[in-house]
């Protein structure tokens, strides 16, 4: 992630007392839109509704992004390759939803400590608050009682905004993403926002779209109120049919 000082255009500072954001279309192609403000849950929710998300290094102020293009995974487009199908057929794992959100986000942060993780304590606390409010959710993979991987993100309307993944054993986060995709497809979610391109996510079916198209699709997805509240009752098993 670039430093705030790498951009050659004016970057506005957000007020601590207002949750107003600039138009996301004003961001450059890399996506840096604004800095400052805070990590209040309602500010974060306001950002997501506008296609904006926080992402910053520990030594930076809070940075707000809306990149162009945007990486989306449409649930029905998840690609199950032959080697991964064998993993999915293995019944030695179980997937749980919202079973232990705090542990999931802590493990996502811990695995990236050497990289100077952006998942600082304040970020973890903010998303944990959003979890208690019914917006942030974790998808967790276990072998017996052992947590082996998962992911977390924000659900609003019929959109899911993926935030971070972790695998303590091979393919664990991939299993979590497959489980999430299947559940969201059944519930008519429009997309999983993967934010920025990575070869790993693109190999699983995620695709790049123009920011303007993403913002239109986001507006449509937010028309539905969605499922606010715990996802602990969600169940998933791999269906090879």
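Starting with the fewest neighbours, write out 180, 201, 208 ranked by other beta-carbon atoms found within 10 Å of each beta-carbon. The partial results should precede the final answer.
On the way: 180 28, 201 21, 208 15.
Going from sparsest to densest Cβ surroundings: 208, 201, 180.
With runs of 4+ DSSP H residues as the only contributors, calculate the mean residue ellipticity of the chain at 222 nm using -39,500 (n - 2.57) per run, divided by the residue total and rounded to the nearest 500.
Values: 7 runs with 70 residues, N = 241.
The helix contribution divided over the chain gives -8500 deg cm²/dmol.
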Whole-Å distance linking the alpha carbon centroid of segment 57-100 with that of segment 190-241 is 9 Å
Largest fluctuation, 144, 51, 153 only, Gaussian network model of the chain with Cα springs under 10 angstrom, belongs to 144
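Once Rh is set to the Kirkwood radius over Cα pairs, what Stokes-Einstein translational diffusion coefficient, in µm²/s, holds for segment 4-67 at a temperature of 25 °C and a viscosity of 0.890 mPa s?
On the way: Rh = 11.6 Å.
The Stokes-Einstein estimate is 211 µm²/s.
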Zone of residue 17 (label point 7 Å along Cα→Cβ, backbone N under 16 Å): which residues in segment 32-58? 37-38
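Read-outs: derived from the displayed coordinates by stated rules, not from any lab. Computed from a predicted structure; not experimentally measured. Note: ideal-geometry Cβ built from the backbone for every residue, glycine included; neighbour counts use all protein chains shown.
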